[in-house]
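Bear in mind these aren't lab numbers, they're just calculated from the coordinates by the rules spelled out. Nothing here was measured: the structure is a model prediction, and the numbers come from that model. Using ideal geometry, Cβ is built from the backbone for each residue, glycine included, and neighbour counts are taken over all protein chains shown.
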Amino acid sequence: GERERVGERERARAGGGAKMLRQGGKSTSFVSGNRKTIHTTFSDGGELVEEYDVKTDELLLRKQRARTKLGGEGKWEYLVGDAPVHFNPEVSTIVESSSNPIFTRKDTDRFFQWRIRNLPYPAENYDISIDHADGKVVIRTKNKK
C-alpha cells in the first residue's frame, strides 16, 4: 500500500535506480567543484557516468556508452542532462548563436521542470500561459510591437 510506495520513493531518492544501472560494474567516484562524479565500467567495455550536486545530491547528468561492434568507443548517450555543444569547422560551416535561448527539461523526484536559459530580457518581461486547446505552454514578451 502507501507504506510500500513511500519506501520505493525513499530508495529511489537514495540512488536505488542508479545502483540498478551500476550493478555488475566497477565504480570510481571523485568530487570536482560542486559535483560528485561516479564513473562505472562494465566487463563488456560499456561505461556509465553520473554527476550529482554535492550539496543536494541531485542527479545532474547521466550518460552511457557501449563499445562498437569493432571494439571502439561508442558515442555517449545522454539519459539525464544535456550534451555539451561543440563547433567543429571541419564538419559544419554554421553554428547556433550562444546567445539564443536554450530550452531544457529537468526531472526531479517531485516535479517535471522546463527551463529556459539565455533569455534576452528580464523575467518580468515575459507572460507565461497554457493553451489548453493545443496542449502547449506559451511564452510571450510584453514588448509593444
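Remarks
- Approximate shape of region 58-113 as ellipsoid semi-axes (Cα gyration tensor, √5λ), whole Å, largest first: 25, 23, 6
- Gain in span if fully extended, residue 86 to residue 57, counting 0.36 nm per residue against the direct Cα distance: 7.7 nm
- Checking the Cα-Cα distances for 26/63; 26/55; 36/63 against a 20 Å cut-off, the pairs over it are 26/55.
- Net dipole in debye of region 59-133 [+1 Lys, Arg Cβ; -1 Asp, Glu Cβ; about Cα centre; nearest 20]: 520
- Listed residues 113, 99, 42: farthest to the positive end of the dipole of region 13-124 (Cβ charges): 42
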